[in-house]
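The values are calculated or read from the model by the stated rules, or taken from the named source; none is laboratory data. Computed from a predicted model, the values in this text were never measured in an experiment. Please note: Cβ atoms are built from the backbone with ideal geometry, for glycine as well, and neighbour counts cover all protein chains shown.
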Amino acid sequence: MKGDPRFDERWLHEQLKERPALLGLGDLDVRDSERQQPSGGRLDLLLTDPERVTRYEVEIQLGATDESHIIRTIEYWDVERKRYPQYEHVAVIGAEQVTSRFLNVIHLFNGAIPLIAIQLQLVEVGGAHTLVASRVVDLVRLATEEEDEATVVDRAWWEGKSSSTALAIVDDVIAQANELVGDAEEHYEPKYNKHYIGLSRNGKTTNFMAFRPRKKHIIALFKVPEDEETTSNLEEAGLDVIPYDSQWGNYRIRLVPGDQGKYREQLDPLTERAHKQYHS
């Protein structure tokens, strides 16, 4: 791209603004573009995950990445996370080439800063040009959800935030899980945290499944490794599968009232796999 006036940085910016999925980060929304920063600079893209409290601060560059690109990305990430601490924030560096000179530096930062580096290449296929994104540095998982400090709330708090209808779906899915993998003496029970509802048994956190209730639906999370066959089976059955959460290793499925029974044939094996994986 660099050196070709047809595909300048403005062109690249507009491509990613119109189709943020090209970055390979999932089904994200564009929250802002060329966002003004206190330093006088502008953040190229601010992306959000509509199903998580996560924001991505994205800086893009033609050619090879350099010191100023890395520093600018981290600076903008730091500004945004301080302004909006209620969200998780991830710094994203996008460049045509992430050179070996800076790869180790980025890896070092990634130990303390949630940072993704993406290499963007322009490929011509049949006379048409398209962008291909490859992650060269992915997020380092710094903690599990159980280790992450969570503010404990109660059922009434979640009824106010979501709805009794949504919580009824959660109750049904947990009841179905208990039929499959629970026992008569110690059933799994909902554990109400501020950002999600997890599971506990005998007072111990056991989040092989978790839930994010909304007003009219829930997002059910199953801690199962991603594979094409599972994804295909779920989608072909008609389930509303949200892009896989690679950070926490969860399948994410949107369930509306009735889905918990309608798709039990698909949900039960997923529950059993998640339970087995968690306790292995």
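Some points to look at:
- Residues that are surrounded by 15 or more Cβ atoms within 10 Å (Cβ to Cβ) and polar (S, T, N, Q) were ranked within the stretch 38-58; the one that is nearest to residue 10 (Cα to Cα) is 48.
- Residue count for the stretch 56-69 under the criterion of being part of a helix (DSSP H, G or I) and touching a residue at least 24 places away in the same chain (Cβ under 8 Å): the result is 2.
- Matching helices (runs of 4 or more DSSP H) fully within the stretch 174-280 where at least 2 residues are hydrophobic (A, V, I, L, M, F, W, C) and either in contact with a Lys or Arg (Cβ under 7 Å, 6 or more places away or on another chain) or touching a residue at least 40 places away in the same chain (Cβ under 8 Å) (or both): 264-279
This table checks each residue for (1) under 18 Å from residue 119 (Cβ atoms); (2) loosely packed, with under 15 Cβ neighbours inside 10 Å.
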{"site": "9", "(1), (2)": "yes, yes"}
{"site": "15", "(1), (2)": "yes, no"}
{"site": "33", "(1), (2)": "no, no"}
{"site": "60", "(1), (2)": "yes, no"}
{"site": "78", "(1), (2)": "no, yes"}
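- Within the stretch 110-136, the set of residues being assigned to a strand (DSSP E or B) and at positive phi is empty.
- Check on residue 258, surrounded by fewer than 17 Cβ atoms within 10 Å (Cβ to Cβ), on the phi > 0 side of the Ramachandran plot and outside the structural domain of residue 49 (by TED's automatic domain parsing): yes
- First in the stretch 70-97 and touching a residue at least 40 places away in the same chain (Cβ under 8 Å), second anywhere and aromatic (Phe, Trp, Tyr) and crowded, with 22+ Cβ neighbours inside 10 Å, Cβ under 7 Å, 6 or more apart: 90/56; 92/56
- Contact map, the stretch 123-143: first residue of a type in the set (Lys, Arg) and modelled with pLDDT under 75, second residue part of a loop (DSSP other than H, G, I, E, B) and surrounded by 11 or more Cβ atoms within 10 Å (Cβ to Cβ), Cβ cut-off under 8 Å, separation 6 or more or different chains; pairs are 141/247; 141/248.
So that you can scan it fast, the table gives a plain yes or no per residue for (1) in a helix (DSSP H, G or I); (2) closer than 19 Å to residue 136 by Cα:
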{"position": "6", "(1), (2)": "yes, no"}
{"position": "13", "(1), (2)": "yes, no"}
{"position": "22", "(1), (2)": "yes, yes"}
{"position": "25", "(1), (2)": "no, yes"}
{"position": "40", "(1), (2)": "no, no"}
{"position": "74", "(1), (2)": "yes, yes"}
{"position": "103", "(1), (2)": "yes, yes"}
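- Which listed residue is closer than 21 Å to residue 112 by Cα and surrounded by fewer than 17 Cβ atoms within 10 Å (Cβ to Cβ), from 27, 66: 66
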